1. Which of the residues that make up the range 17-52 are open to solvent by less than 20 Å² (accessible area, probe 1.4 Å) and aliphatic (A, V, I, L, M)?
2. Could you please let me know if E107 is closer than 20 Å to H2 by Cβ, part of a helix (DSSP H, G or I) and over 15 Å from the mean Cα position of the chain (by Cα)?
3. May I ask you to list the residues in the range 210-226 that are open to solvent by 60 Å² or more (accessible area, probe 1.4 Å) and in contact with a strand residue (DSSP E or B) (Cβ under 8 Å, 6 or more places away or on another chain)?
4. Filter the range 136-157 down to residues that are open to solvent by 40 Å² or more (accessible area, probe 1.4 Å) and modelled with pLDDT of 80 or more, then give me how many there are.
5. For the range 1-102, give me every one of the strands (runs of 3 or more DSSP E) that falls completely inside it and has 2 or more residues that are more than 20 Å from the chain's Cα centre (by Cα).
6. Sort out which residues of the range 45-69 are among the β-branched types (V, I, T) and in contact with a Gly (Cβ under 7 Å, 6 or more places away or on another chain), and write them in order of number.
7. Of all residues in the range 193-236 being at pLDDT below 85 and part of a strand (DSSP E or B), which is farthest from Q157 (Cα to Cα)?
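The values are calculated or read from the model by the stated rules, or taken from the named source; none is laboratory data. Computed from a predicted structure; not experimentally measured. When we count neighbours, we look across all protein chains shown, and the Cβ atoms used for this are built from the backbone with ideal geometry, even at glycine. Surface accessibility is based on the protein's heavy atoms, side chains included, excluding ligands, DNA and RNA. Shrake-Rupley method; radii C 1.70, N 1.55, O 1.52, S 1.80 Å.
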Amino acid sequence: MHIALLEDDPDQAALLCLWIEEAGHGCEAFATGGAFRAGLDPQRHTVAVLDWMLPDTSGEEVLGWLRAEHGWELPVLFVTARDDEADVVTALRAGADDYMAKPIRREELVARLEALNRRRCGPEPAQARPEQAVGHLTVDTAERTIRRHGEPVSLTQKEYELAAYLLANVGQLLPRAQLLADVWGHSAVINTRTVDTHISRLRTKLGLIPENGWRLSAVYQHGYRLERLESSEESV
């Protein structure tokens, strides 16, 4: 695993790189958005870590550039002092896969980076089939994509993983803590709004509504359940 770290504080960058390297991974630090754009190599870097406040731009703008120029394959972790719920939602909706608020905890940082890298490079679950069609949706586990009525849907890595998990567990009640553990790879120590935000985006992007034969509902104080409504008409 080789990390591309965008952090303008040299002491913080040196510390984070030290932690990452002592865990057996590579780390390359960039102090500005311009340097990051020039030096990022998605063929070599396996996870990007972005600070929010930068001297020449913002982490959100860099993330927008990264997704536009290099697509959705490279996982992105936001690491920033901004921890308001609105900031978390903004970062996730802009295409981030995970979010950590400073001060950073060493072991948690390494674990989250390894989880992001594992989902990018690791094998699919043994029970997953190469391609699974459910209603108007088709999950392609080899390409890590989902098609809606045959057309690929633009999803972040985390949106794909959550959608594939929901579609593999149709009809089951899935607690938020379970979704965080199985999809995000850590226990539910972060704001569960993370799950809620991703669920809302998937409902829109994948058309998980009764008119299309689906019901994706929140079960109060428990979690979510994705149900197939066999009698419903599917709309294009």
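1. Matches in the range 17-52: I20, L40, V47, A48, V49, L50.
2. Working: closer than 20 Å to H2 by Cβ: yes; part of a helix (DSSP H, G or I): yes; over 15 Å from the mean Cα position of the chain (by Cα): yes.
In short, yes.
3. Passing the criteria: R215, A218, H222, R225.
4. 10
5. 26-30
6. T57, V62
7. Looking at residues that are at pLDDT below 85 and part of a strand (DSSP E or B), I get V219.
Per-residue answers, yes or no, for (1) modelled with pLDDT under 90; (2) more than 27 Å from Y160 (Cβ to Cβ); (3) open to solvent by 40 Å² or more (accessible area, probe 1.4 Å):
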site: H2; (1), (2), (3): no, no, yes
site: L15; (1), (2), (3): no, yes, yes
site: E60; (1), (2), (3): yes, no, yes
site: A68; (1), (2), (3): yes, no, yes
site: E85; (1), (2), (3): yes, no, yes
site: Y99; (1), (2), (3): yes, no, no
